[in-house]
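What follows is one structure encoded as structure tokens, with my remarks underneath.
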Amino acid sequence: MFPANIPFVALQSADGARAAIAIDGAQVASWIPANSTEDRLFVSANAFYGPGASIRGGIPVIFPQFGPFGTLGQHGFARNKRWQVLSQGNGTARLELRDDEETRSRWPHAFRVELHVVVGGDTLAVHMTVENTGAVPMQFTAALHPYFAVRDAFATRVDGLAGCRYRDALRDGAHFIETSAALDIAGPLDRIYYAAPDTLRIVEADRSLIITKRGFPEAVVWNPGEAGTSGRADFVAGDQHRMLCVEAAAIEHPIALQPNTSWSGAQIMQATLRAG
Ligand code: TA6
């Protein structure tokens, strides 16, 4: 699934569930549950690969800044860095990113981020730990930004967000309260849901995904729509139908870490063959 020369880690559990992680960005780019042939993660046919690139799809790791909300570039730098593989085997892998001269020139902190990926049965779990290895306090925002493969995003709904306050990037960043128990994806959408429930569900006609977050207060729902895919070189026309991002994020209140302390968050995805 990766072009030649792109380093990756392949995971396979005893029951046949599979995942693949690009070492650039520690980006999970494929997840096929046990007893299935369907990849539940979307990757664009036009995705860029290799050092410095972030694959358009899979699960980008967003650190130490979510989106444009800060002084760094969009979504920080973790997704553009080469990570180190600490261990792999039996359906799990651990990868690590530490500060280097280049990251310190952009963000003056010593840190360690560990991504622990576990695949098995119908589930993919991604655990993220951030440690302040420096001598001064640090603050960051972060997300796990999965692009889920869907048969048609505009015939898909997200359940579980009713009552949440959200920021709508497509309406000048204004805040609203979600009124629908079932959010139909009818076109482009770019929203941060604050204090979101830990469990959400992506529902299609014949299958669903149960998405559980831990440690991350926010959920982000993103579909680029037609304009969003045609405006980016690493999408193919029509990709807006094939993907839906439901992310676990910490944005509104940056996470503050004293020296020698750490924070952990996770996103656990369970594939089911039933809708509803
Ligand atoms: O998580 C949603 C979002 O922040 C959108 O605002 C959006 O445009 C996007 O992620 C993708 O960002 P990227 O930098 O990968 O093009």
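Annotations
- Residue within the stretch 111-121 that is of a type outside the set (D, E, K, R), open to solvent by 10 Å² or more (accessible area, probe 1.4 Å) and more than 30 Å from residue 259 (Cβ to Cβ) present: yes
- Some residue of the stretch 163-173 being open to solvent by less than 20 Å² (accessible area, probe 1.4 Å), touching a residue at least 40 places away in the same chain (Cβ under 8 Å) and under 19 Å from residue 240 (Cα atoms): no
- Residues in the stretch 183-217 that are assigned to a loop (DSSP other than H, G, I, E, B), among the aliphatic types (A, V, I, L, M) and more than 16 Å from the ligand (Cβ to nearest atom): 3 in all.
A quick yes/no check of all residues on (1) within 26 Å of residue 246 (Cβ to Cβ); (2) at pLDDT 95 or above:
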{"position": "5", "(1), (2)": "no, no"}
{"position": "10", "(1), (2)": "yes, yes"}
{"position": "35", "(1), (2)": "yes, no"}
{"position": "44", "(1), (2)": "yes, yes"}
{"position": "76", "(1), (2)": "yes, yes"}
{"position": "88", "(1), (2)": "no, yes"}
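- Qualifying residue in the stretch 12-33 (condition: farther than 27 Å from residue 207 by Cβ, over 18 Å from the mean Cα position of the chain (by Cα) and surrounded by fewer than 21 Cβ atoms within 10 Å (Cβ to Cβ)): no
- Some residue of the stretch 18-33 being within 16 Å of the ligand (Cβ to nearest atom) and in a loop (DSSP other than H, G, I, E, B): yes
- Within the stretch 218-261, considering residues that are within 12 Å of the ligand (Cβ to nearest atom), among the small types (Gly, Ala, Ser) and surrounded by 21 or more Cβ atoms within 10 Å (Cβ to Cβ), the one farthest from residue 184 (Cα to Cα): 249
- Only residues that are within 16 Å of the ligand (Cβ to nearest atom) and among the hydrophobic types (A, V, I, L, M, F, W, C) were counted in the stretch 61-94, giving 8.
The values are calculated or read from the model by the stated rules, or taken from the named source; none is laboratory data. All values derive from a computational prediction rather than experimental measurement. Virtual Cβ from ideal backbone geometry, glycine too; neighbours counted across all protein chains shown. For the accessible areas, the whole protein counts, side chains as well, though only heavy atoms, and no ligand, DNA or RNA atoms are used. Shrake-Rupley method; radii C 1.70, N 1.55, O 1.52, S 1.80 Å.
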